[in-house]
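The next block holds one structure in the form of structure tokens; read it before the comments.
The values are calculated or read from the model by the stated rules, or taken from the named source; none is laboratory data. What you see is a predicted model; the values in this text were computed from it and never measured. Backbone-built Cβ (ideal geometry, glycine too); neighbour counts: all protein chains shown.
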Amino acid sequence: MQCVPKSPSSTRFGADRLARIATMESWHFWFLGRQAIVNQLWSKYLSGCRDVLDLGCGTGHMSQRLADRGHRVVSLDLRPEGLLAMRAARSDACLVQAEAPYLPFAPGSFDAVVMLDVLEHVDDRALLRCIASVLRPTGWLILTVPALPLLWSYRDSAAGHQRRYTRSGLCRLIAEENYILREIRYYQCLLLPIMLASRYFGRHGPVLQDLEERPLPLINAILASINQFEVRLSEHIAWPWGSSLAAVCQKR
């Protein structure tokens, strides 16, 4: 199957949201924890990959980190703002504006695809099939998604999420779309009680979203330390739940 570009559809993930994320990625406790778990899994499974697609690259934060590690990175996103910022920062960056799941690449173009909190926005089965087509034989996919439907709140609706995932549901989806699951982990287990309270009381409006995204510096530092401590332990402990899931799988 060759995936061809089509006309972009409307998205609720707007330029204002992307700009807000750009101000948070380098310091916010949630992003620091996600970065830690992705780095850990990447080093364990994907460090030898050469050609990498950062699918839904957003601000380009992950693309830059992968390029710094010596990978040849193609950064793809529907929104132009992050791509333009990457072009301004690096004239040699390889950038593509396109809409998932319509990936304008030849079959077998990449050794690996990284997709951080993208799958929940789109037709997940269609996108996984399209990713498989652009991966080389036994190519790798690393992804993160929001977990636990009971955490659904105003945040999900505002971000344009279509779903949150359970571990069993994501495992089944990966297997049915012809990938081999190598590892799956819940992330942000230790902070889950706080998340449950925040999402319960923030089901209908943005007040708690704003508080969650702008924690006081001391509180943010404490929460970041907890998340990063959890990631270090995750090599030895299978956390039973968490607000996000990270998975590594391989094209069958």
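Looking only at residues that are at pLDDT below 95, over 16 Å from the mean Cα position of the chain (by Cα) and outside any helix (DSSP H, G or I) in region 13-40, which one is surrounded by the most Cβ atoms within 10 Å (Cβ to Cβ)?
GLY14
Could you list, in sequence order, all residues of region 183-223 that are of a type in the set (A, V, I, L, M, F, W, C) and in contact with a Phe, Trp or Tyr (Cβ under 7 Å, 6 or more places away or on another chain)?
CYS189, LEU192, LEU208, LEU223
Note down all Cβ pairs under 6 Å where the first residue falls in region 149-167 and is touching a residue at least 40 places away in the same chain (Cβ under 8 Å) and among the aliphatic types (A, V, I, L, M), the second is buried (at least 19 other Cβ atoms within 10 Å of the Cβ) and part of a helix (DSSP H, G or I), and they're at least six residues apart or on different chains.
LEU151/ARG199
Please pick out the residue among VAL118, VAL145 that is modelled with pLDDT of 95 or more, buried (at least 16 other Cβ atoms within 10 Å of the Cβ) and in contact with a Phe, Trp or Tyr (Cβ under 8 Å, 6 or more places away or on another chain).
Every option except VAL145 fails the conditions.
Could you pull out every one of the helices (runs of 4 or more DSSP H) wholly within region 152-208 that has 3 or more residues that are at pLDDT below 95 and surrounded by 15 or more Cβ atoms within 10 Å (Cβ to Cβ)?
154-159, 192-201
Give the residue that is farthest from TYR45 (Cα to Cα), with candidates limited to residues of region 55-112 that are of a type in the set (S, T, N, Q) and surrounded by fewer than 19 Cβ atoms within 10 Å (Cβ to Cβ).
Going through the qualifying residues, I end up with SER91.
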